[in-house]
1. Per the 1.4 Å probe, what fraction of the accessible area of the chain, in percent, lies on carbon and sulfur atoms?
2. Out of the DSSP beta bridges found with both residues in the stretch 3-120, what percent are antiparallel (nearest 5)?
3. For the charge dipole of the chain, defined by +1 on Lys and Arg C-beta atoms and -1 on Asp and Glu C-beta atoms about the Cα centroid, which residue among Thr107, His13, Thr129 has the Cα displaced farthest towards the positive pole?
4. What does the convex hull of the Cα atoms come to per residue for the chain, in Å³?
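The values are calculated or read from the model by the stated rules, or taken from the named source; none is laboratory data. These numbers come from a predicted model, not from an experiment. Glycine also receives a Cβ, built like all others from the backbone with ideal geometry; neighbour counts cover every protein chain displayed. Accessible surface is based on the protein model in full, side chains and every heavy atom, while ligands, DNA and RNA are left aside. Shrake-Rupley method; radii C 1.70, N 1.55, O 1.52, S 1.80 Å.
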Amino acid sequence: MKIAVFTPIDHFHSPVFLRALRLSQPGDEITVITTPKLKKRSYPFLEIFNIIRESGADYLLSLLCAKIFYTFLAIWEKYILRRPFVRREFISVRDVIRSLKLAHRHTGNINAPESISFLESFQPDIIITAFF
């Protein structure tokens, strides 16, 4: 079965999801398509303003706190506890893709013509979107 997974590249829960998906579906062909969490704009403060307008300042603050916390835990696991990679819980999406040898494609916009043409050529049986 061909599976296409769309996920943000910087989301801290995506690695857990990708590991579980890979372990529960042996033999499937999985391609991970990642996007940036924030859109590339000439004015980054405009994107922050849009998040506050759409979701509220408390949501943005909770994302910021979670990002700092997960980054600290990743550093703690890697450098202080010196856990082997397979036992680490706080890793990046890129590290999971690399360790599981999943096919990967990064796009700035999932609605871009090159993303759509890739998806049409891949012809997945299942499309999964995670954490959008």
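1. The value for the chain is 61 percent carbon and sulfur by accessible area.
2. On the way: 0 of 10 bridges.
Percent antiparallel among DSSP bridges in the stretch 3-120 is about 0.
3. Value: His13.
4. Values: hull volume 16.0 nm³, N = 132.
Convex hull of Cα atoms, per residue: 121 Å³.
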